[in-house]
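The values are calculated or read from the model by the stated rules, or taken from the named source; none is laboratory data. Just so it is clear, the structure is predicted and the values come from calculations on it, not from any experiment. Please note: Cβ atoms are built from the backbone with ideal geometry, for glycine as well, and neighbour counts cover all protein chains shown. Just so you know, the surface numbers come from the protein's heavy atoms only, side chains and all, with ligands and any DNA or RNA stripped out. Shrake-Rupley method; radii C 1.70, N 1.55, O 1.52, S 1.80 Å.
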Amino acid sequence: MRWLVLLEPRGELTPGSLVALATTAGTARLAGAELHALWTGSAAEDVASRLRGLGITTLHAVPAEHLPPLSHEAWLPLLTQMVKDLEIALIVGPASALGKSWMAALAARLDAELAQNCIALETTQGTLRVRKPLYAGKLLAELRLDRQPALVTLRPSSFQIERSGEALPVIAHHTVNNSNSLRSSIKDVVKVSAGIAELADARIVVSGGRGMGGADDWTALRELCQVLGAALGASRAAVDAGWIHHAYQVGQTGKVVSPDLYIACGISGAVQHLAGMRSAHKVVAINKDPTAEIFQHCDYGIVGDLFEVVPMLIQELKAQRPQAA
Amino acid sequence: MKVVVLVNAVPDTAATPEIAPDGRTVLTEQLEFVLDPYDEYAVEEAVRLKENLGAEVIAVSLGGNMARKALRCAFAMGVESGVLVRLPEGIELTGRGRSLGLLPTLRELAPDLILAGKQTVDSDDAQVPERVAELLDFVHASAVSQLTIVDTARLLVKREIEGGHLLIDLPLPALVTTEKGINVPRYPALPQVLKAKSKPLHEMALPLGVDLTAGWQVESVTRQQTARRQQIFSGEISTGVQQLAELLRQEA
Ligand SMILES: Cc1cc2nc3c(=O)[nH]c(=O)nc-3n(C[C@H](O)[C@H](O)[C@H](O)COP(=O)(O)OP(=O)(O)OC[C@H]3O[C@@H](n4cnc5c(N)ncnc54)[C@H](O)[C@@H]3O)c2cc1C
Ligand SMILES: Nc1ncnc2c1ncn2[C@@H]1O[C@H](COP(=O)(O)O)[C@@H](O)[C@H]1O
């Protein structure tokens, strides 16, 4: 039995891909499945070395520069063929923007089911099960995958990567026809959050809401991000007010994050916001209203004006640093 | 230009569905249904193409009475006609089933452009549109926050990904799913809402001879609960901050 993991190249291997891979590798060991991975970027050797000890037998790659790494149109024919030739029983991808759309397109080509956004992949006596949040995480469904091949996208619920041993995957090089026949073309790849941690991959997220009071007062929050190595997030109220770009929105109609630590500043805790951070490991709330709903959904809370609390917190954290060193 | 917009009805985002006594199904009958928030962007974009370029716009939904409501919402925003692919009550389809159910209708309509929401907010799936595009052999781009019609044969779209975006050139026929930021959906004006009731709505049956059954079994549905400590510091701020910083240090 063979399983395949899709690795997403955004420059280098994304943390989301690595987590999806590590989760799948753990289950593959229990199921006795042989694990393969497909890397659509360049420098497959470098990626192979990052996969050391993860239990991957083969890393599939195409040593050609002409194949655009982010174009599903360019890669789907090869991917579909690989699944058929290798008789892959399970395909796992990261539940990122690109991961989800590639997997949906692949599922259509294979006429297979796809369970998106799962948070767990388990196996018992040859049966595969996934857990998938429904209704913005208010409910959790357990699905038994009966048909093969099955497709699953996994969302990071923890960033723990377990390695065992030193074994490196073997690289299998494939050839693909020239990309001149592609109908769609990616004209440009633009990075917007250069220098600041990416929301979906971040272990710590600091978010601001309507309590930020305007577009000009985010300096302290950004500094807190820097001190903690955190990504910046926002509530929809802050986004809709035009204070911050919608790429930062956390929630039902924004990003879903599962960091180790989520700090909500000036956010009331609306159900649609909770939908985006419900699975954070620890939640801290800073709000001046002691009756704010967010205090029902946090581990630690401080009642107070965020413009007082955040600078003090930055001072405290900076003061702790020498001790930690 | 002929534009199809795919619309779907979802329970209001603030509502919490109940779990049936069997522990495997979700009860949604009691809930208020609305047009999926991402579909509002798709409908708005389609209606703008009608207003600015004279495009013919048709809304399509697969489902029961709620799907009919989603179509009426699209009408109230300015779409002129719709097709309901009728799903018998009590049947639930996976993303695969829904895309196969929509396929014959879409083939028949033969649009130049299909617009859809990025994902339905009940399952966050993001797969029906991509599947439909592949089955129709349309090029496609998901989570688009800007769409420009270059000429009668091409589109330029801005597709959002984590940490940035892609600019993609797509020849028609194509499918695009809409992300927040592409537009600000209009609030339907009363005259449009009244007119919506009389706009033509055709019904189609599910295709025969296609296996639409799910390839998985739902074994259980549970309420997701995260126990939080709820340790709140409400006294002197500086003391609270010191204690919080200490707790964060211990847990790091
Ligand atoms: C279909 C739909 C989808 C939605 N999707 C999302 C989504 O994805 N993400 C999202 O966030 N919301 C979403 N919403 C909106 C959601 O319902 C709330 O309106 C929104 O989350 C409120 O944002 P907020 O908490 O920043 O603002 P408010 O609810 O106005 O809360 C502001 C909070 O800041 C506190 N405050 C004010 N000043 C200070 C200060 N100086 N110091 C400390 N605290 C202060 C106040 O006490 C208050 O609790 C959605 C709504 C709908 C209908
Ligand atoms: N039953 C349906 N009928 C029509 N369109 C649908 C249906 N389900 C999903 N869609 C479209 O596909 C988009 C993404 O849905 P999903 O793949 O279910 O997350 C929605 O925003 C709709 O535009």
Study note, to complete from the structure: For the range B:152-252, whose charge dipole is built from +1 on Lys and Arg Cβ atoms and -1 on Asp and Glu Cβ atoms, the candidate among B:Gln243, B:His165, B:Thr178 with its Cα farthest towards the positive end is B:Thr178
Exercise for review: For the range B:128-202, run through the trypsin sites (Lys or Arg not before Pro) and keep only the ones in DSSP coil with at most 10 other Cβ atoms within 10 Å of their Cβ.
Suggested key: B:Lys197
**Study point:** Qualifying trypsin sites (Lys or Arg not before Pro) in the range A:113-142, DSSP loop, other Cβ atoms within 10 Å at most 14
**Key:** none
Exercise for review: Per residue of the range B:121-132, in order, report the coupling 6.51 cos²θ - 1.76 cosθ + 1.60 (Karplus, θ = phi - 60°) as ³J(HN,Hα) in whole Hz, putting x for Gly and Pro.
Suggested key: 7, 7, 10, 6, 6, 6, 9, 4, x, 4, 5, 4
Review point. Could you give the nm distance between label points at A:Ala172 and A:Thr57, where each point is 7 Å from its Cα heading toward the beta carbon?
Key: 0.9
**Study point:** Estimated buried accessible area (total), pair A and B, 1.4 Å, Å² to nearest 100
**Key:** 7500
Exercise for review: Using 0.36 nm per residue of separation minus the Cα-Cα distance, give me the extension gain between B:Ser220 and B:Glu203 in nm, one decimal.
Suggested key: 2.7 nm
Exercise for review: For the range A:299-318, state which residues have at least 30 Å² less accessible area in the presence of all protein chains than in their chain by itself, taking the probe as 1.4 Å and leaving out ligands, DNA and RNA.
Suggested key: A:Asp299, A:Tyr300, A:Gly301, A:Ile302, A:Val303, A:Met312, A:Leu313, A:Glu316
Exercise for review: Provide the per-residue ³J(HN,Hα) series for the range B:31-47, in order, calculated from phi with Karplus coefficients 6.51, -1.76, 1.60 and θ = phi - 60°, each as a whole number of Hz, with x at glycine and proline positions.
Suggested key: 8, 6, 9, 9, 5, 3, x, 6, 5, 4, 5, 5, 5, 4, 5, 5, 5
Study note, to complete from the structure: In the range A:122-161, accessible area falls by at least 40 Å² from chain alone to full assembly (1.4 Å probe) for A:Tyr135, A:Lys138, A:Leu139, A:Leu140, A:Glu142, A:Leu143, A:Arg144, A:Arg147
Exercise for review: For chain A, give the share of DSSP beta bridges that are antiparallel, in percent and rounded to the nearest 5; count only bridges with both residues there.
Suggested key: 25
Exercise for review: Please identify every one of the GluC sites (Glu not before Pro) in the range B:14-79 that sits in a loop by DSSP and has no more than 13 other beta carbons within 10 Å of its own beta carbon.
Suggested key: B:Glu29, B:Glu32
Check your understanding: Separation of the range A:288-313 and the range A:1-74 by C-alpha centroid, Å?
Key -> 42
Study note, to complete from the structure: Expressed per residue, the solvent accessible area of chain A in Å² (1.4 Å probe) is about 40
Exercise for review: Normalising by the residue count of the range B:88-227, find the relative contact order in percent from Cα pairs under 8 Å and 6+ residues apart.
Suggested key: 27
Exercise for review: Summarise the accessible area of the range A:199-325 (1.4 Å probe, protein heavy atoms) by the percent that is carbon and sulfur.
Suggested key: 49
Practice item. Return the inverse of the average 1/r over all pairs of distinct C-alpha atoms in the protein assembly as shown, which is the Kirkwood hydrodynamic radius, in Å to one decimal. Key: 24.7
Review point. Of the accessible area of the range B:62-221, with the probe set at 1.4 angstrom, what percent is carbon plus sulfur?
Key: 58
Point to revise | Max mean-square fluctuation residue, GNM over chain B, Cα-Cα springs under 10 Å, options B:Leu87, B:Leu166, B:Leu115 | key: B:Leu166
Review point. Amide H neighbours of A:Leu128 under 5 Å, counting only residues 5+ apart in sequence or on other chains, H built in-plane at 1.01 Å?
Key: A:Leu145
**Study point:** For B:Glu18, distant residues with modelled amide H under 5 Å away
**Key:** B:Leu27
Check your understanding: Peptide B:130-138: average number of partner chain Cβ atoms within 10 Å per residue?
Key -> 4
Review point. For the pair B:Leu194 and A:Gln148, how long in nm is the line joining their label points, each one 7 Å along Cα→Cβ?
Key: 6.3
Check your understanding: Using a basic spin-label model with each label point 7 Å from the Cα along Cα→Cβ, how many nm lie between B:Arg186 and B:Glu18?
Key -> 3.9
Study note, to complete from the structure: Helix-only [θ] at 222 nm, the protein assembly as shown, -39500 (n - 2.57) per DSSP H run of 4+, per residue, nearest 500, equals -9000 deg cm²/dmol
Point to revise | Under-5 Å amide H pairs with B:Asp124, H placed in peptide plane, nonlocal only | key: none
Point to revise | Theoretical FRET efficiency, 1/(1+(r/R0)^6), r = Cβ-Cβ of A:His66 and B:Asp151, R0 25 Å, to 0.05 | key: 0.40
Check your understanding: Which lysines, on any chain, are close to A:Lys255 with Cα under 23 Å apart, when same-chain ones fewer than 8 places away are left out?
Key -> A:Lys100, A:Lys132, A:Lys138, A:Lys191, A:Lys282, B:Lys118, B:Lys158, B:Lys180
Check your understanding: For the protein assembly as shown, what proportion of DSSP beta bridges, expressed in % and rounded to the nearest 5, is antiparallel?
Key -> 35
Study note, to complete from the structure: With +1 on the Cβ of every Lys and Arg and -1 on the Cβ of every Asp and Glu, the dipole magnitude of chain B about its Cα centre, in debye rounded to the nearest 20, is 480
**Study point:** Those lysines that a straight Cα-Cα span of less than 21 Å connects to B:Lys199, excepting residues fewer than 8 apart in one chain
**Key:** B:Lys2, B:Lys50, B:Lys69
Point to revise | the range B:39-115, accessible area per residue, ligands and nucleic acids excluded (1.4 Å, Å²) | key: 35
